[in-house]
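Notes to accompany the following structure.
The values are calculated or read from the model by the stated rules, or taken from the named source; none is laboratory data. The structure presented is a predicted model; accordingly, all values stated were derived computationally and were not measured. Here Cβ is always computed from backbone atoms with ideal geometry, including for glycine, and neighbour counts include all displayed protein chains.
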Amino acid sequence: MRLGIEGKIALVTGGSHGIGLAVAEALADEGCRVAICARDAERLEAAAERLRARGVDALGIAADACVPEDVERVMGHVKHAWGAIHILVNNVGGGGRWGSASVEETAERVWREVYEKNAMAAVRFTRAALPHMRRQRWGRVVTIASVQGREGGGRPWFAMAKSAEIALMKSLALTPELVRDGLTFNTVAPGSIAIPGTGWDAAADGDAVAAKAEELPLGRLGTPEEVAAVVAFVCSAAASFVNGATIAVDGGESRAF
């Protein structure tokens, strides 16, 4: 499917594996030039090579999304290389299994770190991208949250951070001076997704994954590629009237309407 974004310049944070890499690959398949950032330089370069193998220009930029100077450096690198940025996918995050099951026993540090890694990373990258998008009067910002941020559940520090990401996108989507400049702001909220090396990993914890799958309406977990297909559409020219939405990609797992 051609989504009308060939030649657009995209940045995917946390793009070296899992959902982030799948999103980067989906955008590359639509003809975008794609920059990805993550902390692990070796895995990052391997991911960038996978993107280049799809026939597009790709950049891998080592950075920590919790460090404001790194965020500015990433944006500067993309702007210097390609002159613009049209699409930002705030994917970097995590912390859904940090802390313990007990709220009382989980240090305040965990709450702060999870909030920084998710909500504040999205704030930093979004703020840095806005001037570029407004100058060109076209932009897509998509933040990867979670169904737990949409309706609760799981570790409260994670749900809180993901709810904040959803609120950020909705608030910006309601800001006329931004959206009337041709920008849109949306959230994609995955459910239980099988991701090697993190989250639900069938290879590392097959019994737990099988038990979780039995709880789900479809009897299986989702894949990063299934999330990425929705993200790519939301980034597209065809999705120009999709603004302020929170789209669950969860196989029916969540209870909210």
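For this structure, a couple of remarks:
- Residue match in segment 244-252 (condition: more than 21 Å from the chain's Cα centre (by Cα) and among the charged types (D, E, K, R)): no
- Test: residue in segment 27-37 that is of a type in the set (Lys, Arg), more than 22 Å from ALA119 (Cβ to Cβ) and assigned to a loop (DSSP other than H, G, I, E, B): no
- Condition check for SER146: of a type in the set (Gly, Ala, Ser) and without any contact (Cβ under 8 Å) to a residue 24 or more places away in the chain: no
- Hey, ALA53 out of contact with any Lys or Arg (no Cβ under 7 Å at 6 or more places or on another chain), without any contact (Cβ under 8 Å) to a residue 24 or more places away in the chain, loosely packed, with under 15 Cβ neighbours inside 10 Å and under 18 Å from GLU225 (Cα atoms) or not: yes
- Some residue of segment 183-198 being surrounded by fewer than 14 Cβ atoms within 10 Å (Cβ to Cβ), within 18 Å of VAL147 (Cβ to Cβ) and without any contact (Cβ under 8 Å) to a residue 40 or more places away in the chain: no
- When segment 132-163 is filtered for residues that are among the charged types (D, E, K, R), within 26 Å of SER236 (Cα to Cα), out of contact with any strand residue (DSSP E or B) (no Cβ under 6 Å at 6 or more places or on another chain) and assigned to a helix (DSSP H, G or I), the ones remaining, listed by number, are ARG134, ARG135, LYS162.
- Residues within segment 96-131 that are buried (at least 20 other Cβ atoms within 10 Å of the Cβ), of a type in the set (D, E, K, R) and not in a helix (DSSP H, G or I), tallied: 0
- The residue that is surrounded by the fewest Cβ atoms within 10 Å (Cβ to Cβ), among those in segment 8-26 that are in a helix (DSSP H, G or I) and not β-branched (Val, Ile, Thr), is GLY18.
- Odd one out for GLY96 among (1) closer than 23 Å to ALA228 by Cβ; (2) free of Cβ contacts under 8 Å to residues at least 40 places away in the same chain: (2)
- Residue in segment 72-88 that is closer than 12 Å to ILE9 by Cα, outside any loop (DSSP other than H, G, I, E, B), within 15 Å of the chain's Cα centre (by Cα) and in contact (Cβ under 8 Å) with a residue 12 or more places away in the chain present: yes
- Close pairs (6 angstrom Cβ cut-off, 6 or more residues apart or separate chains): aromatic (Phe, Trp, Tyr) in segment 218-234, modelled with pLDDT of 95 or more and part of a helix (DSSP H, G or I) anywhere: PHE233/ALA239
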